[in-house]
1. Does Ser192 count as more than 15 Å from the chain's Cα centre (by Cα), of a type in the set (Ser, Thr, Tyr) and not in a strand (DSSP E or B)?
2. From Leu255, Leu277, which residue is over 24 Å from Arg132 (Cβ atoms), within 12 Å of the ligand (Cβ to nearest atom) and surrounded by fewer than 20 Cβ atoms within 10 Å (Cβ to Cβ)?
3. Which condition does Leu232 not pass, out of (1) more than 9 Å from the ligand (Cβ to nearest atom); (2) assigned to a helix (DSSP H, G or I); (3) under 22 Å from Ser74 (Cα atoms), if it passes all the others?
4. Within the stretch 194-202, can one find any residue that is among the β-branched types (Val, Ile, Thr) and within 11 Å of the ligand (Cβ to nearest atom)?
5. Output the number of residues of the stretch 200-218 satisfying the condition of being touching a residue at least 40 places away in the same chain (Cβ under 8 Å), in contact with a Leu (Cβ under 7 Å, 6 or more places away or on another chain) and not polar (S, T, N, Q).
6. Going through the stretch 21-64 one residue at a time, which ones are part of a loop (DSSP other than H, G, I, E, B) and within 16 Å of the ligand (Cβ to nearest atom)?
7. Among the residues that make up the stretch 207-223, is at least one of them part of a loop (DSSP other than H, G, I, E, B), at pLDDT 95 or above, surrounded by 20 or more Cβ atoms within 10 Å (Cβ to Cβ) and aliphatic (A, V, I, L, M)?
8. For the stretch 125-172, what are the residues that are crowded, with 21+ Cβ neighbours inside 10 Å and of a type in the set (Val, Ile, Thr)?
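The values are calculated or read from the model by the stated rules, or taken from the named source; none is laboratory data. This structure is a prediction, so every number in the text was calculated from the model and none was measured. As a convention, Cβ positions derive from the backbone with ideal geometry for all residues, glycine included, and neighbour counts pool all protein chains shown.
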Amino acid sequence: MAEDSTGHSVGGTQTAFLEPLELLYEEAGQPRFDLPPALATAYGGDLGFALPCVYANFVTSIDGVVALGPEYPSSGSAISGREPTDRFVMGVLRACADAVLIGAGTLRATPGHQWTPDHVCPQAAPAFAELRRNLRRAAQPKLVVVTASGDLPTEHPALKSDALVATTVEGARRLEGRLPPASTTLTAGEGSVLRMADVLAVLHARGHTAVLTEGGPHLIGNLLREGLLDELFLTTSPVLAGRAETSRPGLITGLELLPKQPAWADLISARRRDSYLFLRYRLRSSGARVGLRSEVAM
Ligand SMILES: NC(=O)c1ccc[n+]([C@@H]2O[C@H](COP(=O)([O-])OP(=O)(O)OC[C@H]3O[C@@H](n4cnc5c(N)ncnc54)[C@H](OP(=O)(O)O)[C@@H]3O)[C@@H](O)[C@H]2O)c1
């Protein structure tokens, strides 16, 4: 089997494109999507979600950094070291999703990226396609970009294939005539922050009940403020990122939870590959922050 520069197996047959993740812990009774054998083998077991579900996937350094700062594009790749197993997990989570939800900051910071399973793990593309067929999903998850300002890099390749841009009246005005024809705009409010419950309601109405969010930290903060995040997949990459004068956010920006509103979580599963940890949490506060929804600035 071929190996990449890090010595990891990347080629070979469809059933052995990756050395399996080591399962350290899994809560009993998890929903199961019946992953195709190639995916289940590589993931170290089955995977599924009780729908509707909003689940996030992030990679963090040991010292809690998820973004290196505006001067560094594609922070996630730098933090993960482009670890093939992390890219596989990203891929399998995308393959389970009806829609991938990101904030405009993440789109602006990640030039050339496509938020599809195949883009991050092309060797598993046939197995991802099989899973999506089994789940009766569209061929690829729909990319949903949230922006109040409408300040998007409209030439970004991810907007060229059927993306949905959720924005404000002002953002829609700014984007008018600038988006590629394949993308559409959803006007979901006014002001500087959209109610994410409204955006998710539109997605649910369109049948998108498995919603993966890949952030970034501002969007996660907004989802948590409204009690809308159900699960978190967190890869801990074995690296220290450090902080100096620049802003290097952790998972959440724009929202303080502790000490008044701690968002406790339960560990659902833990997996390992070399020194990388792949953790899955269920947020206990999911749905419980409804009372805070009216505090969202509009
Ligand atoms: N380590 C990882 O796994 C990971 C994952 C994702 C991102 N990142 C990194 O995170 C950094 C970006 O951070 P970020 O916090 O700026 O990203 P972000 O949350 O993706 O983007 C923030 C922007 O999204 C829009 N937005 C978010 N919530 C909104 C709401 N409720 N209503 C309206 N607009 C909303 C706003 O766009 P407008 O300004 O256009 O109004 C806001 O300024 C990048 O460096 C990226 O690489 C890392």
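1. Taking the combined requirement at face value, the residue satisfies it.
2. Result: Leu255 is the single residue among Leu255, Leu277 that is over 24 Å from Arg132 (Cβ atoms), within 12 Å of the ligand (Cβ to nearest atom) and surrounded by fewer than 20 Cβ atoms within 10 Å (Cβ to Cβ).
3. Going through the list (1) more than 9 Å from the ligand (Cβ to nearest atom); (2) assigned to a helix (DSSP H, G or I); (3) under 22 Å from Ser74 (Cα atoms), Leu232 breaks only (2).
4. Yes, because at least one residue in the stretch 194-202 is among the β-branched types (Val, Ile, Thr) and within 11 Å of the ligand (Cβ to nearest atom).
5. Going through the stretch 200-218 one residue at a time, the tally reaches 5.
6. Ile62, Asp63, Gly64
7. no
8. Val144, Val145, Val146, Thr147, Val165, Thr167, Thr168
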